[in-house]
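Notes follow once the structure below has been shown.
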Amino acid sequence: MTSPQNGPDDAHTVPAGVSDELVEAVGGVTAAFEVIEHARGMLYAFHRLVGRADKELAEALDQLEAAGRPDLAEALRTEVVGRNVIDGRWTFQLVEEFDSGYYQAFADAERAVRDATMGGRRHVFEAQLKERERTPGLPGHEAQPAATGHQGR
């Protein structure tokens, strides 16, 4: 293993015989998957927000009923509470279908590309970028975390 000042750890070095072009291409596949990770987080946020809205609506309908408008409260309970978000599905079903379908296929494909080209190593392209961008010897620009703690981003 290299020292914190002398480059990335072994898990982030380019395997022997792998070209810079291939490292960059694999980095692009991983970057695309990271966009899917972001989208997945937004889908989970959507799931949570819809659930929160349902809970808040139920509370508001209780207040509407207590304020003398049980007719309106009941109409909204009947029409909106428990309603599917899209045809036949609540948000938990969207999340589950996305996770087991598109997301899992993309995750498996990205991993297969890394396994076939980088020996399974992750973020090799980014490790090269870090080496180009950092200033060796300058505090906060170490190649790896110090043994006693973590610095940088």
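The values are calculated or read from the model by the stated rules, or taken from the named source; none is laboratory data. Owing to the predicted nature of the structure, the values given are computational and were not obtained by experimental measurement. Areas reflect the complete protein model, heavy atoms only, side chains present, ligands, DNA and RNA absent. Shrake-Rupley method; radii C 1.70, N 1.55, O 1.52, S 1.80 Å.
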Requested in this report: List, in order, the whole-Hz ³J(HN,Hα) value for each residue of region 105-114 obtained from phi through the Karplus relation with A = 6.51, B = -1.76, C = 1.60 and θ = phi - 60°; use x for Gly and Pro.
Outcome: 4, 5, 4, 5, 5, 5, 5, 4, 5, 5
**Report entry** Note, ³J(HN,Hα) from phi for region 71-77, Karplus 6.51, -1.76, 1.60, rounded to Hz, x at Gly and Pro
**Finding:** 4, 5, 4, 5, 4, 6, 4
Query - For the chain: accessible area per residue (Å², 1.4 Å) - result: 68
Query raised in the report: For region 76-142, what is the per residue volume of the convex hull drawn over the alpha-carbon atoms, in cubic angstrom?
Result: 159
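State, to one decimal in nm², a quarter of the convex hull surface area for the C-alpha atoms of the chain, i.e. the direction-averaged projected area. Don't skip to the end; give the middle numbers.
Details: hull surface 57.0 nm².
The directionally averaged projection comes out at 14.3 nm².
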Report summary line: On the accessible surface of region 68-153, probed at 1.4 Å with all protein chains in place, carbon and sulfur together account for a percent value of 55
Requested in this report: Express the relative contact order of the chain as a whole percentage, based on alpha carbon pairs under 8 Å and six or more residues apart in sequence.
Outcome: 43
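Among rounded, prolate and oblate, which fits region 23-73 when a ≥ b ≥ c are the square roots of the eigenvalues of its C-alpha gyration tensor, a/c under 1.5 means rounded, and a/b larger than b/c means prolate? Numbers along the way, then the final one.
Numbers: a/c = 10.89, a/b = 7.86, b/c = 1.39.
Judged from the Cα gyration tensor, region 23-73 comes out prolate (a/c at least 1.5, a/b above b/c).
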